[in-house]
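Enquirer: Let me begin by handing over the structure; questions about it come next.
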Amino acid sequence: MSLEIAGSAAQSPWKTAAILIGRLIFAAVFLMAVTFKFIDMGATAGYIAAAGFPFPLFLAWCAALLEIVLVLCFLTGAFFSQAALVAAAYVLFLGFAFHGPSHWAGNQAEFGFFVDHFSFLAGLFFAAVNGPGNVLALRLGRV
């Protein structure tokens with residue numbers, strides 16, 4: 001386990017900045033999601049129940065815990081590629097479960113929400129393949 005401040009492979013300042021900003025954006029998205037869950041876990045459970053899932057409060061807490069772990073991984077770079085792949089699977093599930101084709105007839109905006117998940121998914125796949133960068137990244141797990 002090590003925290004690399006200046007990686008052995010030369011990395012341009014632009015690439016370093018882009019990677020760090022990307023990691024911060026990923027972390028911020030999941031931090032906002034978990035914050036809203038903690039603000040009103042009941043509302044989150046209600047949303048999950050409305051989608052037809054059993055044990056909505058349990059699932060809301062599971063989602064919150066997953067999102068906390070993802071925030072930590074994206075901020076620290078620890079288990080980064082694995083976290084990005086888990087986040088990608090989670091985002092894909094959320095897109096289909098809460099904004100999928102069955103929702104489009106009732107609200108055309110749902111199609112836009114659905115498509116947005118794929119932009120996020122693409123970024124997560126790119127992050128998983130390229131890793132957390134050479135700066136401010138804990139080296140835990142495969143990168």
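Enquirer: So if I check each of 49, 64, 60, which one is in a helix (DSSP H, G or I) and closer than 28 Å to residue 136 by Cβ?
Expert: Working: 49 fails: closer than 28 Å to residue 136 by Cβ; 60 fails: closer than 28 Å to residue 136 by Cβ.
Just a single option satisfies the conditions, and that option is 64.
Enquirer: Look at the range 130-143 and say how many of its residues are open to solvent by less than 50 Å² (accessible area, probe 1.4 Å), modelled with pLDDT of 90 or more and within 12 Å of residue 84 (Cβ to Cβ).
Expert: The qualifying residues number 2.
Enquirer: Of everything in the range 19-49, what is under 11 Å from the mean Cα position of the chain (by Cα) and free of Cβ contacts under 8 Å to residues at least 40 places away in the same chain? Give them in sequence order.
Expert: 25, 28, 32, 33, 34
Enquirer: Given the conditions (1) at pLDDT 95 or above; (2) over 22 Å from residue 15 (Cα atoms), report the number of the one that residue 127 does not fulfil.
Expert: For residue 127, the exception is condition (2).
Enquirer: To continue, here is another question. So residue 122 passes all but one of these: (1) touching a helix residue (DSSP H, G or I) at 6+ places or on another chain (Cβ under 7 Å); (2) under 30 Å from residue 11 (Cα atoms); (3) open to solvent by less than 60 Å² (accessible area, probe 1.4 Å); (4) outside any loop (DSSP other than H, G, I, E, B). Which condition number does it fail?
Expert: Condition not satisfied by residue 122: (1).
Enquirer: Taking the condition of being in contact (Cβ under 8 Å) with a residue 40 or more places away in the chain, open to solvent by 60 Å² or more (accessible area, probe 1.4 Å) and under 11 Å from the mean Cα position of the chain (by Cα), how many residues in the range 82-103 meet it? Step through it out loud before you land on a result.
Expert: First, pick out the residues of the range 82-103 that are in contact (Cβ under 8 Å) with a residue 40 or more places away in the chain: 82, 84-85, 87-88, 97-98.
So of that shortlist, the ones also open to solvent by 60 Å² or more (accessible area, probe 1.4 Å) come out as 82, 85.
Restricting the remaining residues to those that are under 11 Å from the mean Cα position of the chain (by Cα) gives 85.
So the count comes out to 1.
Enquirer: Filter the range 50-81 down to the residues that are in contact with a helix residue (DSSP H, G or I) (Cβ under 8 Å, 6 or more places away or on another chain), in contact (Cβ under 8 Å) with a residue 60 or more places away in the chain and either farther than 29 Å from residue 21 by Cβ or open to solvent by 20 Å² or more (accessible area, probe 1.4 Å) (or both) and list them by number. Show your work before the answer.
Expert: The initial filter retains those residues of the range 50-81 that are in contact with a helix residue (DSSP H, G or I) (Cβ under 8 Å, 6 or more places away or on another chain), namely 51, 53, 56-57, 59-61, 63-64, 66-71, 73-75, 77-81.
Narrowing further to those that are in contact (Cβ under 8 Å) with a residue 60 or more places away in the chain: 77-81.
Residue satisfying the conditions is 79 alone.
The values are calculated or read from the model by the stated rules, or taken from the named source; none is laboratory data. The structure displayed is predicted, hence computed values, not measured ones. Glycine gets a Cβ as well: all are built from the backbone with ideal geometry, and neighbour counts include every protein chain shown. Side chains are part of the model used for accessible areas, which takes the heavy atoms of the whole protein and leaves out ligands, DNA and RNA. Shrake-Rupley method; radii C 1.70, N 1.55, O 1.52, S 1.80 Å.
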